[in-house]
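S.K.: Let me begin by handing over the structure; questions about it come next.
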Amino acid sequence: MRIFYDTEFLDDGRTIDLISIGMVDEDGRELYAVSSEFDQSAVRRHGWLMANVWPSLPILRNPHGTRGIDRLDVTDPVVHPRAQIARMVADFIRSVPDPQLWAFYSAYDHVALAQLFGPMSNLPAGIPMQTDDLVTEAKRLGLTPADLPQQEAGHHNAIADARHNRDMARHLDRIARGY
C-alpha cells in the first residue's frame, strides 16, 4: 500500500532539521506531527520558512505585538518530541501491508524521515529504505511537474501537501491506465 507524505524542514547545507511531517495512506488514514525540538530561532532567521511554513504551524502569538516573539505552541496536540514522532511514523508505516513511500521531489523528505531514527543504518524493520518520487513517475509518463494538478491551498503545510501528493498520484494512475 502506498503512503504519501511530505516534510517541512530547516536545511542549512549540513543538517536537515525536521519541522513537521504529514502522511496519508491510500485508505485515507492520516498522521500529522510537528516537532517540538526544531530550532525556532533558526527558522525565524530564514525568510522562506517564515513566509511559507511558520504560518501553518500551531503558533502562540505574542500578545505584546512586535516587542515579543511568536513561538511554537508546544501544548498543541500535534506537537511532539522527535522520539515520539519517530514511534508514530514507524507505527503508521508498519500498519499497512507492503508499505511504499511516495513524495514530491522526495530526496530530502526521505532523509528527514530516515533521520528520525538516526543514521540510515538504524531504520527499523518495516520502514522502506527509499521513497518513490512523483516527479520521476510524471517524467516516466512523459509529463512535467507543470502537467500535474496544482494545489489550491495549504502549500507547505505537511499534511495538506501529503494529501495533494495522494491526489497527484491518483492523477498519474489515471494517465498510466490511459484515461
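S.K.: Which whole-number value in Å³ per residue fits the convex hull of the alpha carbons of the stretch 1-85?
M.R.: Normalising the Cα hull of the stretch 1-85 by residue number yields 119 Å³.
S.K.: For the chain, what is the relative contact order in percent, using Cα pairs closer than 8 Å and at least 6 residues apart in sequence? Intermediate values should be presented prior to the final figure.
M.R.: On the way: 276 pairs, mean separation 51.7, N = 179.
Relative contact order, the chain: 29 percent.
S.K.: Sum up the charges of everything whose Cβ sits under 15 Å from the Cβ of Val96, counting Lys and Arg as +1 and Asp and Glu as -1, but leave Val96 out.
M.R.: My count for the surroundings of Val96 gives -3.
S.K.: Further question on the same structure: To check you understand DSSP bridge types, tell me what percent of the beta bridges within the stretch 1-140 (both residues inside) are antiparallel, rounded to 5.
M.R.: Numbers: 16 of 23 bridges.
For the stretch 1-140, the DSSP antiparallel bridge percentage is about 70.
S.K.: Quick one: Karplus J couplings for the stretch 116-123, per residue in order, coefficients 6.51, -1.76, 1.60, θ = phi - 60°, nearest Hz, x for Gly and Pro?
M.R.: For the stretch 116-123, the Karplus curve yields 4, 9, x, x, 3, 5, 9, 4 Hz.
S.K.: Something else: Can you work out ³J(HN,Hα) from phi for every residue in the stretch 49-62, in order, using Karplus 6.51 cos²θ - 1.76 cosθ + 1.60 and θ = phi - 60°, giving whole Hz and x for Gly and Pro?
M.R.: 5, 5, 7, 10, 9, 3, x, 8, 8, x, 10, 8, 7, 6
S.K.: What does the charge dipole of the stretch 1-63 about its Cα centre add up to, to the nearest 20 debye, if the Cβ of each Lys and Arg holds +1 and the Cβ of each Asp and Glu holds -1?
M.R.: So the dipole magnitude of the stretch 1-63 works out to roughly 320 debye.
S.K.: At a Förster radius of 41 Å, what calculated FRET efficiency corresponds to the Cβ-Cβ distance of Val96 and Leu143, to the nearest 0.05?
M.R.: 0.95
S.K.: What do you get for the angle between helix 82-94 and the principal long axis of the chain? Use alpha-carbon atoms, 0 to 90 degrees, nearest ten.
M.R.: Helix 82-94 sits at roughly 20 degrees to that axis.
S.K.: Which value in deg cm²/dmol, rounded to the nearest 500, describes the helix-derived mean residue ellipticity at 222 nm for the chain, given -39,500 (n - 2.57) per DSSP H run of n ≥ 4 and division by the residue count?
M.R.: -9500 deg cm²/dmol
S.K.: Answer with a single label: of [x] 58, 36, 31; [y] 45, 38, 32; [z] 50, 36, 35, which was calculated as Cα extents along the principal axes in Å from the structure in view?
M.R.: Computed from these coordinates, Cα extents along the principal axes in Å corresponds to label [x].
S.K.: Apply the Karplus parameterisation 6.51 cos²θ - 1.76 cosθ + 1.60, with θ equal to phi minus 60°, to every residue of the stretch 166-179 and state each ³J(HN,Hα) to the nearest whole Hz, in sequence, with x for glycine and proline.
M.R.: Along the stretch 166-179, the couplings run 4, 5, 5, 4, 4, 4, 5, 4, 4, 5, 4, 7, x, 8 Hz.
S.K.: Fewest first, what order do Trp48, Trp54, Trp102 take by the number of other Cβ atoms within 10 Å?
M.R.: Trp48, Trp54, Trp102
The numbers here are math on the coordinates, done by the rules we state, and not lab data. All of these numbers come straight from a predicted model, not from anything done at the bench. Cβ: placed from backbone, ideal geometry, glycine included. Neighbour counts: every protein chain shown.
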